[in-house]
Amino acid sequence: MFDYIIVGAGSAGCLLAERLSADPKTRVCLLEAGPPDRSALIHMPIGIALLSKSKTLNWAFDTEPQAALDNRRLFWPRGKTLGGSSSINAMVYIRGHRDDYDGWAEAADPIWSYENVLPLFKRMEANERFGNDEFHGGDGELHVSDLRTFNPLSGAFVEAGQEIQLPHIADFNGKTQAGVGRYQVTQRRGRRWSSARAFLSRAKGRPNLTILTGARATRVILEGRRAVGVTYSAGGRLADVRTNGGEVILSGGAVNSPHLLLLSGIGDAAELKAHGIPVVVDNPEVGKNLQDHLDITIMHESRDRTPIGVALSFIPRALAGILSYAFLGRGFLTSNVAESGGFMKSSPDRPRPNIQFHFLPTLLKDHGRELAFGYGYTLHVCDLLPRSRGRIGLKSSDPLDDPLIDPRYLSAPEDIQTMVAAVKLGRRILSAPSMAAYSRTELVPGAAVQTDADIVADIRRRAETIYHPVGTCRMGRDAGSVVDPALRVRGVQGLRVVDASIMPTLVAGNTNAPTMMIAERAAELILGKTRLASDASGSRPVSPPPKRDGTGAARDRRAADA
């Protein structure tokens, strides 16, 4: 019997397991469907290029056919190992925009405002460059560093952005976001620093923490309307793990957490009945509000061999890179591939950046599943603030079946307009002198794709996810939300959701760091170390979010990003 059962050892689950098991009197069980994180591809940063092919470390989901994307099914990689997606992602350390969190505060509670979550980001961070300053921490478990080896092309991209009058940003998590610069990464000494390395490694030896890998949760065990345990499948057999009156915490992510709620009878009654699942709580929003960053690439063939290439002529560099990595923790094998990037507005009238760039000094096709021979470079451009909303649902009542994933990309008409603008802005940067000097030709979209109609057709033909699904167990103060501001599932006792699925709205950036912050806040809430604004029983005060009506701090921030 356990005080806490955590389902999912990903970005949130690993941190939560460490925080809750820090008290030796508290018994914690952590369930993970995948294996331990022993693969060398996880810890060697450039291994990301091959992890998308793994059937063992990756859920490798596929979406439903997307009507706005030529009826294609899109590939959705999600981490399936200790560390979850933090073990297979590009390690980019971005928190999003301040206004994202002030929006959460309005939707839920002031504890989620930027002012009140910034200390959480700082507490868990050990930033190699900034240390302890206004925006960063230097003493936490999550190591954040500059890349130890930086491809010259990635520097040229930053220079090209400045040539079209974009400001250089030394810290995307500081005072302002709009501009171009080098990304910081979750690495230490040239190795990936996942949530498992940061948090779980220090907790693994605790006798009060039980970690079960290869254990796929199939349902939450409910007695009436109280969660008392979890049934899981391991080695082809079912087993139960139960609480002693404590809590079950779902940290499976934006896909798996709502799927498990549905399998357990918590969700849209009509959908549950259609699959023969008894209804425990009728909440139509479970699985709804799915948001993701849709992305399109611009790829160029290079004039020379500066990029990371797949070619016979690259073999000497590859051998030198292996030695440099093995003995010095340096070289191109330490690259996260997405080395630089930036944030822009799609039009001057936007209040803040709504486009993000990830620049790769290599050719990358089909999420790395298809070899791209030769030398070239790739620019990813994505819509940060999409209006389109999709859902996670049931394909069947079999808990071992994949969930239904329907993002409904571009179902909001304004999203395609943003994507077209993003392509044009990306092309402007790549046409600036510092980048043009490297280009032999644009491979895709290609010289023939010039009009808006051509660009729209190309987006529909090629656009893919950039791996940031959120929102499917929406947090809110309203009765219709899936979880309340303390992340408790409405209508059920002893059950919380702690992962990216609780985000009311998608952050304007990468989602790994925000997901860890959510777990940090959840740990405080669970342990009684903080309180909601509506709850006077806690001990730590919170500040109200700034007004978002064009006055005060919010206005000043918009001016800074103008």
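The values are calculated or read from the model by the stated rules, or taken from the named source; none is laboratory data. Note that this is a predicted model, so its numbers are computed, not measured. Note: ideal-geometry Cβ built from the backbone for every residue, glycine included; neighbour counts use all protein chains shown.
Annotations
- Segment 233-280, residues that are over 25 Å from GLY214 (Cβ atoms) and part of a strand (DSSP E or B): GLY245, ILE266, GLY267
- Residue check for ARG191: in contact with a Phe, Trp or Tyr (Cβ under 7 Å, 6 or more places away or on another chain) and among the basic types (Lys, Arg): no
- If you go through segment 1-37 and keep only what is charged (D, E, K, R), surrounded by 24 or more Cβ atoms within 10 Å (Cβ to Cβ) and under 15 Å from ALA523 (Cα atoms), you end up with just GLU18.
- Just one of the listed residues (LEU20, LEU31, LEU69) is over 30 Å from GLN493 (Cα atoms) and of a type outside the set (Lys, Arg), namely LEU69.
- Output for segment 40-79, where each listed residue is crowded, with 16+ Cβ neighbours inside 10 Å, of a type in the set (Gly, Ala, Ser) and over 19 Å from PHE199 (Cβ atoms): GLY47, ALA49, SER52, SER54, ALA60, ALA68
- When GLY190, GLY205 are checked against the criterion of being modelled with pLDDT under 95, under 27 Å from SER87 (Cβ atoms) and out of contact with any strand residue (DSSP E or B) (no Cβ under 7 Å at 6 or more places or on another chain), GLY205 stands alone in meeting it.
- Output for segment 192-232, where each listed residue is farther than 18 Å from PHE2 by Cα, part of a loop (DSSP other than H, G, I, E, B) and out of contact with any Pro (no Cβ under 7 Å at 6 or more places or on another chain): TRP193, SER194, SER201, ARG202, GLY224, ARG225
- Count - residues of segment 484-497 that are part of a strand (DSSP E or B), surrounded by fewer than 24 Cβ atoms within 10 Å (Cβ to Cβ) and touching a residue at least 12 places away in the same chain (Cβ under 8 Å): 1
- Within segment 269-311, being in contact with a Ser or Thr (Cβ under 9 Å, 6 or more places away or on another chain), closer than 30 Å to ASN151 by Cα and surrounded by 20 or more Cβ atoms within 10 Å (Cβ to Cβ) holds for ASP292, HIS293, LEU294, ASP295, THR297, ILE298, MET299, HIS300, SER302, PRO307, ILE308, GLY309.
- The residues of segment 362-384 that are in contact with a Gly (Cβ under 9 Å, 6 or more places away or on another chain) and crowded, with 21+ Cβ neighbours inside 10 Å, listed by number, are THR362, LEU363, TYR375, GLY376, LEU379, HIS380, VAL381, LEU384.
- A search for C-beta distances below 7 Å between a residue of segment 69-86 that is under 13 Å from ALA463 (Cβ atoms) and any residue that is modelled with pLDDT under 95 and not in a loop (DSSP other than H, G, I, E, B), counting only pairs 6+ apart in sequence or on different chains, returns PHE75/HIS367.
- Test: residue in segment 438-455 that is in contact with a Leu (Cβ under 9 Å, 6 or more places away or on another chain), among the hydroxyl-bearing types (Ser, Thr, Tyr) and modelled with pLDDT of 95 or more: yes
- Residues in segment 80-116 that are aliphatic (A, V, I, L, M), surrounded by fewer than 24 Cβ atoms within 10 Å (Cβ to Cβ) and under 18 Å from ARG477 (Cβ atoms): ALA107 only.
One line per residue, one yes/no per condition, for (1) among the small types (Gly, Ala, Ser); (2) over 21 Å from PHE75 (Cβ atoms); (3) part of a helix (DSSP H, G or I):
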residue: SER347; (1), (2), (3): yes, yes, no
residue: ARG350; (1), (2), (3): no, yes, no
residue: HIS358; (1), (2), (3): no, no, no
residue: THR362; (1), (2), (3): no, no, no
residue: TYR377; (1), (2), (3): no, yes, no
residue: CYS382; (1), (2), (3): no, no, no
residue: ILE392; (1), (2), (3): no, no, no
residue: SER397; (1), (2), (3): yes, yes, no
residue: ILE405; (1), (2), (3): no, no, no
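- Answer residue from segment 52-68, given it is closer than 16 Å to ARG461 by Cα and not small (Gly, Ala, Ser) and is nearest to the chain's Cα centre (by Cα) among those: THR63
- Residue list for segment 199-223, restricted to those being over 30 Å from PRO403 (Cα atoms) and not hydroxyl-bearing (Ser, Thr, Tyr): ARG202, ALA203, LYS204, GLY205, ARG206, PRO207, ASN208
- Tally, over segment 106-154, of residues that are free of Cβ contacts under 8 Å to residues at least 12 places away in the same chain and assigned to a helix (DSSP H, G or I): 1
- Among residues of segment 514-532, those that are of a type in the set (Gly, Ala, Ser) and out of contact with any helix residue (DSSP H, G or I) (no Cβ under 7 Å at 6 or more places or on another chain), counted: 1
- Filter pass, GLU414 being among the acidic types (Asp, Glu), free of Cβ contacts under 8 Å to residues at least 60 places away in the same chain and either surrounded by 15 or more Cβ atoms within 10 Å (Cβ to Cβ) or assigned to a helix (DSSP H, G or I) (or both): yes
- Taken over segment 373-419, the criterion of being within 23 Å of the chain's Cα centre (by Cα) and among the polar types (S, T, N, Q) is satisfied by THR378, SER388, SER411, THR418.
- GLY235, sole failed condition from (1) in contact (Cβ under 8 Å) with a residue 40 or more places away in the chain; (2) of a type outside the set (Val, Ile, Thr); (3) more than 28 Å from GLY528 (Cα to Cα): (1)
- Residue in segment 511-521 that is within 22 Å of the chain's Cα centre (by Cα), in a loop (DSSP other than H, G, I, E, B) and in contact (Cβ under 8 Å) with a residue 12 or more places away in the chain present: yes
- Scan segment 1-51 for residues that are assigned to a loop (DSSP other than H, G, I, E, B) and touching an Asp or Glu at 6+ places or on another chain (Cβ under 8 Å) and the total you get is 5.
- Unique match (being surrounded by fewer than 18 Cβ atoms within 10 Å (Cβ to Cβ) and in a loop (DSSP other than H, G, I, E, B)) among ARG440, ARG387, ARG428: ARG387
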